[in-house]
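The values are calculated or read from the model by the stated rules, or taken from the named source; none is laboratory data. Please read all numbers here as calculations on a predicted model, not as lab measurements. A quick note on method: Cβ atoms are made from the backbone with ideal geometry, for glycine too, and the neighbour counts reach across all protein chains shown.
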Amino acid sequence: YGGFSVGEKTRLGQLNTTWISAVISGIVNSTGGNMSVSVAAQRLWQNVKAAARFVIADYNVKVWFNNKGWAASVSYMNALNNVILRSLLPPGEDPLNYGIVTFNHPMNLTKEQLSEETFNKGAVDVVVAICVIFAMSFVPASFVLFLIEERVSNSKHLQFVSGIKPIIYWLANWAWDMANYAVPAMLCIFIFLAFGKESYVSAKNFPCLFALLFLYGWAITPMMYPFSRLFDVPSSAFVFLSCVNVFLGTVSTLATFILEVLSQDDPDLKDINSILKQVFLLLPHYCLGRGLIDMAALQLRADVTARLGDEYTYNLFDWDVVGRNLFSMIMLGLLFNILNLLIEYKFFLSWSFLSKNPTLKIKNEDIDVVREKERVLSGAAKDNILRLEGLSKVYWTPGRKSKMTAVDHLYVGVPKGQCFGLLGVNGAGKTTTFKMLTGDEQVTQGDAFVNQYSIRKNMVQVRQFMGYCPQFDALDPLLTGREHLEFYARVRGISSHDTKSVADWVIQRLGLAQHGDKISSSYSGGNKRKLSTAIALIGNPPIIFLDEPTTGMDPGARRFLWNCINSIVKAGHSVILTSHSMEECEALCNRLAIMVNGAFQCLGSIQHLKTRFGSGYTIILRVSGENPDMTPIMNFISSSFPSARLRERHHNMLQYQLGSDYKALSKIFQTVEEAKRVYKVEDYSVSQTTLDQVFISFAKKQTDLLDDEFDEN
């Protein structure tokens, strides 16, 4: 591949130096004798003569090489240099101790090949970042599934009523979700390690990869929480949030990467890309994806620089590299956690009510309702365990200047040891009243006091005195009845060594001994209502709210629960009961109020309501014989009771309704006895108007509550 030629005489020895000097002088003269040019020319000539002393010689050495051997020229030059070095050594020196060593570091790729490989690696790194974003988009979306189930089933609200503070509830959820997020995050890291991706797992890059994945979980997890309030179906929420996460992460990351490639020769695109990079920092998805791309890009630059024999140093945690992404995710995590708590504590809702608090018109009220209102306002009900003072709830219709008055100025006081019933059809406002009393709904106007604590100012203290059985069973389908009771016992503050005995006591009292260790999803509707009532009794609260507790129960189970509630009232506890069963109210309530359109239409004891609002008496007559002639006895009743109305007529049975003007029972019985003697009446009955009839007369007034009038002032 080469060799040497020694002793050849160089042609430079024949060079005419006079001619060179003349050329330089001509250049100087052509400039008009410029002093600076003249000085430069003199220096050039001196340097040429100095170099010629070494080059212009009679004999020299030439190195010949074949360019097919890439290292031939360097190798033969090095050999010649070693010969010269060793020939010039002082006498007595060993030539083997002296020499020049040459190292070869060839470039494996051409410029074009190196550019192509760099582009391919960059494209692969973008795909890797997109794949990570895609995978990590489904994990946080799944965190809302259980949250939605708890909210829809009312289990979340029941936990709050039982004493769990919202900040504790969300902190526990966040801790559990982060623990679940850590599993796929670690699997992602293990995959990078298994494939030896130096861009992410080298000693210099691994801390940044770990920080990116951890802080992404820190930011994206609380970002999902507010969306749990927008859905009632968990699967719909999961699909929607997964698609949104994938879309935001992919689009934002690809947009900045593509603009970065296209903006190398376009300053305007470069400015747009710079702005987008700042805006997209509000998205944890972008912070993760872009951070992974920047990590890989810097590692690729370092690899290329190393191939060129140089070293490229960088710090991934610098602000202009990945540092701003990490900082943004830290701040986003704090922001979303604070936002979620503000929503939970109804901060924005409270502000809107302060800015727009309607003044409802008080409609015509019954005399008993007015007397109860005066009793409450005068302070006579101050010692009652529950006191409602003008409690009202209005739902505003978006985009319209109209409202729906769900609860309209309720005034009532409930003393200790009394069962008070709220009777009304569906939509009358019973459940909404309970939701306000337990803190599930914001109060529009008025206030209520539980054991002297305001529900608008001291809800945390209020919940310490109440038990709550919601209208629909707030049960976890995977927990047994005993586990439910032990959980709520611990929430109520009962010590761990007493929870089992408390759960056993409640199970025995509610007749759940045979079902206590079965999961609640296997319970019948009646047993679920029993378990919900049992949860309300945990902690022995002084006031218990039962929202239609016997719905779905068979007659035997219903009677059993009635006996339990009566024993609770006799023990000195107050029970607030909602129902649309007149039989239930008659069996349990000392006092009740009938609600229509969110307002009390009447209030008092069962007998008082029957006497005041009943429409007289009902007479049922049955005439003996197979095919009796009913005309004579019908004429007799019509002549004896002119205002009597025939309600029903069957084969040998008649039912008459007497008006309230017939108040002398003795006269009624005397007339019916005469009919029995003359017209062969086999048997008869005289009864007072039932509570059902009183209720039906009021229920006819129920409307849809929309577009109520309201005071503009």
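Of the residues Lys457, Lys416, Lys401, the single one that is more than 18 Å from Lys156 (Cβ to Cβ), at pLDDT 90 or above and either surrounded by fewer than 17 Cβ atoms within 10 Å (Cβ to Cβ) or under 28 Å from the mean Cα position of the chain (by Cα) (or both) is Lys416. Among the residues of segment 604-618, those identified as surrounded by fewer than 23 Cβ atoms within 10 Å (Cβ to Cβ) and on the phi < 0 side of the Ramachandran plot are Ser605, Ile606, Gln607, His608, Lys610, Thr611, Arg612, Phe613, Gly614, Ser615, Tyr617, Thr618. Against the definition (on the phi < 0 side of the Ramachandran plot, touching a strand residue (DSSP E or B) at 6+ places or on another chain (Cβ under 6 Å) and among the small types (Gly, Ala, Ser)), how does Ala536 come out, yes or no? Answer is yes for this residue. Tell me, yes or no, whether segment 394-402 has at least one residue that is touching a residue at least 60 places away in the same chain (Cβ under 8 Å) and within 21 Å of Ile544 (Cβ to Cβ). No, segment 394-402 has no match at all. Within segment 170-184, the set of residues being in contact (Cβ under 8 Å) with a residue 24 or more places away in the chain and out of contact with any Pro (no Cβ under 9 Å at 6 or more places or on another chain) comprises Asn173, Met178, Asn180, Ala182, Pro184. Does at least one position in segment 522-530 carry a residue that is under 28 Å from Thr432 (Cα atoms) and assigned to a loop (DSSP other than H, G, I, E, B)? The answer is yes, given that some residue of segment 522-530 is under 28 Å from Thr432 (Cα atoms) and assigned to a loop (DSSP other than H, G, I, E, B). Among the residues of segment 488-498, some residue qualifies, meaning at least one is assigned to a helix (DSSP H, G or I), under 21 Å from Pro470 (Cβ atoms) and either of a type in the set (Asp, Glu) or in contact (Cβ under 8 Å) with a residue 60 or more places away in the chain (or both).
Within segment 154-179, restricting attention to residues that are of a type in the set (S, T, N, Q) and more than 16 Å from the chain's Cα centre (by Cα), which residue is surrounded by the fewest Cβ atoms within 10 Å (Cβ to Cβ)? Let's see the steps before the verdict.
Initially, segment 154-179 is screened for residues of a type in the set (S, T, N, Q), giving 154-155, 159, 162, 173.
Pick out the ones that are also more than 16 Å from the chain's Cα centre (by Cα) and you get 159, 162.
Values: Gln159: 19, Ser162: 24.
Top of the filtered list is Gln159.
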